[in-house]
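All remarks here apply to the structure that follows.
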Amino acid sequence: MRRSTLKILIVEDDPDDVELSRYELVRAGIACDIYQVETEDAFLDALSHYQPDIILGDFSLPAFDGMSALQIVQQIAPNTPFLFVSGTMGEERAIKALKQGAYDYVLKSNLARLPSAVERALQEAHQNQIRHKMEQALQAERNLLSAIFDTTGALGMMLDKDGRIMRFNQAAERTTGYTFSQVQGKQFWEVFFPPEEVEPVRNHFLHWHLQSQPLQYQSRWLTTGGERREILWLTTFLQDDSGLALNFICSGIDITQWRQAEDRVHRLSNYDVLTGLPNRSLLRDRLEQGITRVEREQRPGLIAVILIGVRGAIAVRESLGLQLSEDALVEASRRLSGLMQHDATLARFGDTSFAMVLHVHAQDQIAMVVQEIIDVLDLPYHVDGHEGVYLESSIGVTVYPNDGDSGDALLQAAEVAMHRAMDNVLERFQFYTPSLNSQVSHRLQMASQLRQAVQKHELILHYQPQVSLDSGKIVGVEALLRWQHPEKGMISPLQFIPLAEETGLIVPIGEWVLRTACEQGKRWHDMGVHGLTMAVNLSAKQFALNSLATVVRHALDDSGLDSHCLELELTESASMETPEKSIEVMQLLKSMGVRLSIDDFGTGYSNLNYLKRFPVDQLKIDRSFVQDVTSDADDLAIARAVIALARSLHLEVLAEGVETLGQYNVMKENGCDKVQGYYFSKPLAVDDCTRFLLQQATGG
């Protein structure tokens with residue numbers, strides 16, 4: 001824009017005309033400094049030293065004319081606007097002057113027009129300067145693009161509007177292994193991408209022309225040898241007058257090594273070199289993210305931070321050397337990794353310590369995890385031929401939000417708890433909150449004793465008779481698990497079955513129950529008790545095992561029990577969890593001749609569409625509906641509905657928990673097939689049940 005005082009160079013031989021021009025400009029509010037010249041030499045000197053903002057020139061002078069002055073300006077100062085101020089010019093001369101580069105002309109007889117002509121010329125000159133700079137910038141960009149395309153360091157490619165390759169520089173040839181002649185005219189996605197990626201890449205290309213700025217993106221290109229190279233592309237497009245894309249100019253950098261180096265730096269910064277686990281820094285970050293997520297989503301449950309100090313690693317280092325100590329720590333990390341849930345984090349926290357962060361629904365789950373950690377770390381380590389190497393561990397536990405509201409606070413508290421455990425001779429783990437220790441200790445002790453109960457044969461089976469309402473005879477028994485504790489006596493299944501489910505012990509226990517029940521059923525058959533059905537409960541975890549059919553087949557084969565005498569009871573909720581898979585498993589079991597029964601029917605959710613497809617033989621009415629069937633109209637209605645449903649599906653019905661004559665009569669009157677409960681017999685030990693069955697078989 002022009003300065004506050006306008007510098008005007010006037011080519012004029014009449015001082016009066018100069019003063020008239022000054023008068024009109026000042027009268028219009030234009031502050032100006034005027035420099036007058038009459039000759040070419042003076043004009044050239046003024047252009048160099050005075051450096052005017054605008055030039056006013058008479059068309060003709062005795063020694064120097066305006067057209068010559070205009071030509072000089074075009075050569076020396078082309079950005080300086082030039083106006084003719086003349087007495088007479090004529091239309092032809094005026095047109096010639098404008099073509100030569102003059103901005104305007106003003107007749108001396110109409111100098112009142114001079115201020116507006118000057119303002120307009122200055123504005124137009126300013127716009128021309130801006131346009132010139134833009135053209136220069138655009139040309140510089142074109143030159144830069146051309147240089148980038150031709151340089152050997154950057155990949156260069158030109159595409160037509162359909163994505164076909166029109167140019168392909170040497171750097172692109174070196175990186176991809178393709179020559180220009182091999183790719184010319186082909187759509188780039190057909191050459192450099194595997195078949196499954198062609199369509200997404202093509203769709204991405206179709207949106208390139210919508211970008212208002214050069215498009216930068218990364219993609220992994222295939223070389224002739226099948227290797228993937230990570231390329232960072234900058235793509236712009238040339239367009240026609242209507243705005244449609246004509247060509248795409250693509251320049252790229254092969255950043256494969258940079259990416260690999262970046263990945264290595266990231267790994268070194270966030271992961272432990274020895275074990276490959278997240279390090280303390282990444283652990284802290286994930287812990288903070290977990291806390292934030294719980295707060296934002298208001299997720300129920302707790303976040304547990306479990307710090308595991310492997311003290312035995314120090315002893316191994318001192319006695320067997322650093323390498324064997326590190327080998328043992330790697331093995332410890334592998335064992336701990338096998339315990340991880342999908343949303344949990346395991347990290348190497350210190351030289352001989354690990355940290356685990358997990359989300360749990362209840363505090364009891366923490367105890368189970370701690371016990372699993374102790375169990376896997378207590379197993380002997382075999383390192384470099386040394387057998388029987390043991391690593392003693394101590395565990396500290398903190399819980400969010402009880403023990404802290406930040407990651408750092410929880411980790412510090414976990415360290416305090418871990419050091420307490422190291423100092424405690426009797427307990428190998430400690431909660432940061434002392435009141436939790438006795439509660440969890442009792443649960444862990446019970447879990448440990450349950451493991452030993454399996455090994456020490458403390459588990460036994462009792463059998464409860466099932467009676468036919470049609471004949472009044474015992475037609476089956478249900479095998480019920482009991483724990484005969486050497487110190488606490490008989491422990492209720494309600495106390496230890498949930499614990500067995502949580503610890504996973506239910507699988508080996510369930511297999512033992514199945515085998516033992518089949519063996520007992522065969523013994524009774526050999527004693528003369530024929531046609532007796534042995535009912536065995538399957539847990540949800542057993543039912544989910546891929547090996548279930550194999551386990552059942554082995555139990556039948558090893559015991560010699562006829563498969564038609566085995567009835568497997570599945571809970572309603574377990575069978576409906578994945579109904580299609582349940583149907584597949586049931587059909588496999590049915591093909592072996594095994595009877596199937598839905599246990600506790602009515603307490604869960606059953607989709608009748610699936611229920612009619614289940615190849616089951618029987619529904620069991622849950623005891624909760626039988627208990628008040630004589631006094632509660634709702635329970636009676638439910639019992640009748642289950643019986644009617646079973647009839648429509650051609651299934652048998654058994655009512656469990658029948659304890660009174662009234663309950664027995666209601667079930668018989670409404671068409672129930674079988675009953676089970678204290679009205680006939682409590683669950684009996686094997687010897688008592690044997691006498692009971694033989695007494696019936698002999699008619700006694």
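Being charged (D, E, K, R), closer than 17 Å to ALA414 by Cα, assigned to a helix (DSSP H, G or I) and within 32 Å of the chain's Cα centre (by Cα) is the requirement here; does ASP375 meet it? No. Criterion first (under 23 Å from HIS419 (Cα atoms), in contact (Cβ under 8 Å) with a residue 12 or more places away in the chain, surrounded by 18 or more Cβ atoms within 10 Å (Cβ to Cβ) and among the small types (Gly, Ala, Ser)) does GLY312 satisfy it? In short, yes.
Could you go through segment 494-504 and let me know if any residue there is touching a strand residue (DSSP E or B) at 6+ places or on another chain (Cβ under 6 Å) and of a type in the set (S, T, N, Q). Walk me through it before giving the result.
Our first condition is that a residue be touching a strand residue (DSSP E or B) at 6+ places or on another chain (Cβ under 6 Å); within segment 494-504, this holds for 496.
Okay, now just the ones that are also of a type in the set (S, T, N, Q), so none.
Within segment 494-504, not a single residue is touching a strand residue (DSSP E or B) at 6+ places or on another chain (Cβ under 6 Å) and of a type in the set (S, T, N, Q).
Taking each residue of segment 646-665 that is farther than 17 Å from PRO465 by Cβ and looking for partners that are surrounded by fewer than 17 Cβ atoms within 10 Å (Cβ to Cβ) and among the basic types (Lys, Arg) with beta-carbon atoms closer than 7 Å, six or more apart or interchain, yields LEU649/LYS612. Residue count for segment 617-674 satisfying the condition of being not β-branched (Val, Ile, Thr) and not in a loop (DSSP other than H, G, I, E, B): 32. If the condition is being in a strand (DSSP E or B), of a type in the set (Phe, Trp, Tyr) and either in contact (Cβ under 8 Å) with a residue 40 or more places away in the chain or surrounded by fewer than 17 Cβ atoms within 10 Å (Cβ to Cβ) (or both), then segment 235-270 contributes only PHE248.
Counting residues in segment 512-528 that are small (Gly, Ala, Ser), surrounded by 14 or more Cβ atoms within 10 Å (Cβ to Cβ) and more than 25 Å from ARG647 (Cβ to Cβ) gives one or more. From the list PHE188, PHE193, PHE205, the one residue that fits, being in contact (Cβ under 8 Å) with a residue 40 or more places away in the chain, within 16 Å of ILE165 (Cα to Cα), surrounded by 12 or more Cβ atoms within 10 Å (Cβ to Cβ) and touching a helix residue (DSSP H, G or I) at 6+ places or on another chain (Cβ under 9 Å), is PHE205. In this entry, VAL536 is excluded by the filter for residues that are surrounded by fewer than 20 Cβ atoms within 10 Å (Cβ to Cβ) and touching a helix residue (DSSP H, G or I) at 6+ places or on another chain (Cβ under 6 Å). Annotation note: Cβ proximity below 6 Å between a residue of segment 412-424 that is free of Cβ contacts under 8 Å to residues at least 24 places away in the same chain and within 18 Å of ARG348 (Cβ to Cβ) and a residue that is among the acidic types (Asp, Glu) and surrounded by 16 or more Cβ atoms within 10 Å (Cβ to Cβ) (sequence gap 6+ or interchain) occurs for no pair. A search for C-beta distances below 6 Å between a residue of segment 615-633 that is closer than 29 Å to VAL585 by Cα and modelled with pLDDT of 90 or more and any residue that is loosely packed, with under 14 Cβ neighbours inside 10 Å and charged (D, E, K, R), counting only pairs 6+ apart in sequence or on different chains, returns nothing. Of all residues in segment 324-350, exactly one satisfies the criterion of being among the polar types (S, T, N, Q) and either surrounded by 22 or more Cβ atoms within 10 Å (Cβ to Cβ) or touching an Asp or Glu at 6+ places or on another chain (Cβ under 8 Å) (or both), namely SER325. Tallying residues that are under 41 Å from the mean Cα position of the chain (by Cα), hydroxyl-bearing (Ser, Thr, Tyr) and not in a helix (DSSP H, G or I) within segment 510-556 yields 2.
Answer yes or no as to whether ALA447 is surrounded by 15 or more Cβ atoms within 10 Å (Cβ to Cβ), closer than 27 Å to VAL536 by Cβ and modelled with pLDDT of 85 or more. Considered against the rule, which asks whether it is surrounded by 15 or more Cβ atoms within 10 Å (Cβ to Cβ), closer than 27 Å to VAL536 by Cβ and modelled with pLDDT of 85 or more, ALA447 comes out as no.
Of all the numbered requirements in (1) aromatic (Phe, Trp, Tyr); (2) buried (at least 19 other Cβ atoms within 10 Å of the Cβ); (3) within 54 Å of the chain's Cα centre (by Cα), TYR678 misses one, and that requirement is (2). Is it true that GLY531 is surrounded by 15 or more Cβ atoms within 10 Å (Cβ to Cβ) and at pLDDT below 95? No. Please go through segment 670-687 and pick out each residue that is out of contact with any Phe, Trp or Tyr (no Cβ under 9 Å at 6 or more places or on another chain) and either small (Gly, Ala, Ser) or free of Cβ contacts under 8 Å to residues at least 60 places away in the same chain (or both). Scanning segment 670-687 gives ASN670, GLY671, TYR678, ASP687.
Suppose we filter segment 571-602 for residues that are outside any helix (DSSP H, G or I), without any contact (Cβ under 8 Å) to a residue 40 or more places away in the chain and either touching a Cys at 6+ places or on another chain (Cβ under 8 Å) or within 18 Å of ALA646 (Cβ to Cβ) (or both); how many remain? Total meeting the criteria: 4.
Within this structure, ARG93 fails the test of being part of a loop (DSSP other than H, G, I, E, B), at pLDDT below 90 and charged (D, E, K, R).
The values are calculated or read from the model by the stated rules, or taken from the named source; none is laboratory data. Just so you know, these numbers come straight off a predicted model, no measurement behind them. A quick note on method: Cβ atoms are made from the backbone with ideal geometry, for glycine too, and the neighbour counts reach across all protein chains shown.
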